[in-house]
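Visitor: Below you will find the structure I want to go over with you.
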């Protein structure tokens, strides 16, 4: 997992905090190893390697994540699609000079996208076409953050938060009972807080066009890609979501970026609090 | 910089349906380990209880008042953190009067005694299990009982079923004031296995099987010639069933207990109670009826005392070991007061008659015996 990670524990002695944190970190490492795209021995690599061939057996945890991804797909009308990672083959945000893929480059990749074609049940999953792949971007890291909070709470801790690469889950307020104040980074100015949320025991996740991107001819091309066109979304610079669970906040933020103009009604329907920065820098919702 | 007031609505993950929308939240709750259900141990009580009770007991036989017991008692339950519960109780009985009378020939030894008893239990909830460790002590002038218990409960994932496994050990020391059997002891172990199953939102059934085995002094030192076996085993099977009638706001409570005793006696008890909620001030009235019947211990001898006594054999003329039937009728009225306080008043009347034995014939020559209880409870939930 990329990005900076932090576990902040208050109101406990150093030894018990350390023991709890060790347990939590071990679980993050476990999830990372299990669902990494970069490790050949991860379950994702095995599922992807078997694309177009056989079904791969999955355990309960993987099935639960697939089921959640399926819900995200349904709730986003197909925009949140865990098979859309193949577009990375055409979009290289580190390449110099930057290159915007042509329709001819994207078309064969779009053929490989389609969660609704994936065959899956409680026991196994099969990607029907060779070259297809899945990943748990927008879910996996956030799921890990929620589990960290659960593990810390299980150790009797009640004050603290976990920050996995900017996705924050609180497990209880500060020792004096006041909420944690979590700042939202300005999408166009690193190290500047645009706004902040008070968190007691919920989560805050942000999806933005500034994580991986390039600018070309005055236009921003970011890593959040529409699975229908293969092109980056452009409506929002960033969307931040507060929800009881980090996995909900993270997936809602990503879906909001993908839904573009429809994002406010989607977010309101999900019952989450949110803050969006539109492409022109306007902060929404304006009433808050 | 604008701080957004978004802290509202992010608490209470465990009741997402109270909030609007949230299809993704509902789905996400199915992910393993994202909500601390395990650590929270949903079965752990999250409220404390304090209870003060006063019990007044009187019993009598025709033309004769016998025992009086007045017993104030206290009980408290305190959750500590999310997974620990500590509970404990104290009772102080003062008894006066004649010890149980079995036949008019004997004047019972006079009893003027008090008893102090206390117990404490600590329970730790871990995931789907709860482990309880308890200790208790009961002290009278001539009797000291101490014991410890270990219980393990296992809750099913949906919390509809609970298994119980328990063991308890007790050490009793008897030092009768009349010098009979000085420094006698009795040790026993009890094992219990049980299941509680919610059949539906309004039906719950519980069944427990208990095995008791003990060794030591079981005789009554205050009853002349009383000689009982030094080993005792019992099997007890208890089953209870509750059904809630939503339309009537009432609960039917049924219970049955069978007890087989190596002393030779078998007892059956049937309980029926109807807890009726009333439409005023949360008051509930619970009339209850219990029918009890037991056969005599095989060393119990009918009056006149000491007929049937053979030196060296077991012998007892204690009418509590006779063959009889008994009915208890009672009513409890409970009402909430204010600020988490509740009060309940209970009255019971007990009547024992050899003619009410239904499995065989009742023991001849023993008198009808009756008792009544009044009990006041004040409970505070906090």
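Visitor: Can you tell me which residues in segment A:41-61 are assigned to a helix (DSSP H, G or I), in contact with a helix residue (DSSP H, G or I) (Cβ under 6 Å, 6 or more places away or on another chain) and either modelled with pLDDT of 95 or more or surrounded by fewer than 22 Cβ atoms within 10 Å (Cβ to Cβ) (or both)?
Guide: Hit for segment A:41-61 is A:43, nothing else.
Visitor: Here is a further query. Only one of B:287, B:279, B:306 is assigned to a loop (DSSP other than H, G, I, E, B) and touching a strand residue (DSSP E or B) at 6+ places or on another chain (Cβ under 9 Å). Can you tell me which?
Guide: When all the criteria are applied, what remains is B:306.
Visitor: Regarding residue B:296, is this residue assigned to a loop (DSSP other than H, G, I, E, B), crowded, with 17+ Cβ neighbours inside 10 Å and touching a helix residue (DSSP H, G or I) at 6+ places or on another chain (Cβ under 7 Å)?
Guide: yes
Visitor: Would you mind finding the one in A:176, A:191, A:198 that is part of a loop (DSSP other than H, G, I, E, B), more than 30 Å from residue A:110 (Cβ to Cβ) and without any contact (Cβ under 8 Å) to a residue 24 or more places away in the chain?
Guide: Only one candidate passes the filter, namely A:176.
Visitor: Right, next: Of the residues that make up segment A:255-272, is at least one within 24 Å of residue B:32 (Cα to Cα), in contact (Cβ under 8 Å) with a residue 60 or more places away in the chain and either more than 16 Å from the chain's Cα centre (by Cα) or surrounded by 24 or more Cβ atoms within 10 Å (Cβ to Cβ) (or both)?
Guide: Yes: one or more hits.
Visitor: Considering (1) closer than 30 Å to residue B:319 by Cβ; (2) at pLDDT below 95; (3) surrounded by 15 or more Cβ atoms within 10 Å (Cβ to Cβ), say which one residue B:206 fails and leave the rest.
Guide: With respect to (1) closer than 30 Å to residue B:319 by Cβ; (2) at pLDDT below 95; (3) surrounded by 15 or more Cβ atoms within 10 Å (Cβ to Cβ), residue B:206 is out only on (1).
Visitor: Restrict the check to segment A:275-283 and report whether at least one residue is assigned to a loop (DSSP other than H, G, I, E, B), modelled with pLDDT under 85 and farther than 22 Å from residue A:75 by Cα.
Guide: Within segment A:275-283, not a single residue is assigned to a loop (DSSP other than H, G, I, E, B), modelled with pLDDT under 85 and farther than 22 Å from residue A:75 by Cα.
Visitor: Given the criterion modelled with pLDDT of 95 or more and within 19 Å of residue A:247 (Cβ to Cβ), identify the matching residue among A:33, A:69.
Guide: Residue meeting the stated conditions: A:69.
Visitor: Just to be sure, is residue A:86 at negative phi and touching a strand residue (DSSP E or B) at 6+ places or on another chain (Cβ under 8 Å)?
Guide: no
Visitor: Just to check your reading of the model, which residue among B:209, B:199 is in contact with a strand residue (DSSP E or B) (Cβ under 9 Å, 6 or more places away or on another chain) and without any contact (Cβ under 8 Å) to a residue 24 or more places away in the chain?
Guide: The unique qualifying residue is B:199.
Visitor: I would also like to ask the following. Residue by residue through segment B:131-150, note down the ones that are modelled with pLDDT of 90 or more and more than 19 Å from residue B:89 (Cβ to Cβ).
Guide: B:131
Visitor: Could I ask something else about it? Only residues that are within 12 Å of chain B (Cβ to nearest Cβ), at negative phi and part of a strand (DSSP E or B): list them for segment A:163-173, please.
Guide: If the condition is that a residue be within 12 Å of chain B (Cβ to nearest Cβ), at negative phi and part of a strand (DSSP E or B), then A:168, A:169, A:170, A:171 are the ones that fit.
Visitor: Next up: Somewhere in segment A:82-103, is a residue within 14 Å of chain B (Cβ to nearest Cβ) and surrounded by fewer than 16 Cβ atoms within 10 Å (Cβ to Cβ)?
Guide: No, the conditions are met nowhere in segment A:82-103.
Visitor: List pairs: first residue in segment B:64-93 and free of Cβ contacts under 8 Å to residues at least 12 places away in the same chain, second residue in a strand (DSSP E or B) and surrounded by fewer than 18 Cβ atoms within 10 Å (Cβ to Cβ) anywhere in the structure, Cβ distance under 7 angstrom, at least six positions apart or on different chains.
Guide: Every condition considered, the pairs that remain are B:80/B:86.
Visitor: Taking segment A:181-203, which residues are facing chain B (nearest Cβ under 7 Å) and in contact with a helix residue (DSSP H, G or I) (Cβ under 7 Å, 6 or more places away or on another chain)?
Guide: Of everything in segment A:181-203, nothing turns out to be facing chain B (nearest Cβ under 7 Å) and in contact with a helix residue (DSSP H, G or I) (Cβ under 7 Å, 6 or more places away or on another chain).
Visitor: Going by what's in this entry, would residue A:238 be described as in contact with a strand residue (DSSP E or B) (Cβ under 6 Å, 6 or more places away or on another chain), at pLDDT 90 or above, on the phi < 0 side of the Ramachandran plot and more than 8 Å from chain B (Cβ to nearest Cβ)?
Guide: The answer is yes for residue A:238.
The values are calculated or read from the model by the stated rules, or taken from the named source; none is laboratory data. Keep in mind it's a predicted model, so treat the numbers as computed, not measured. All Cβ positions, even for glycine, are placed from backbone atoms using ideal geometry, and neighbour counts span all protein chains on display.
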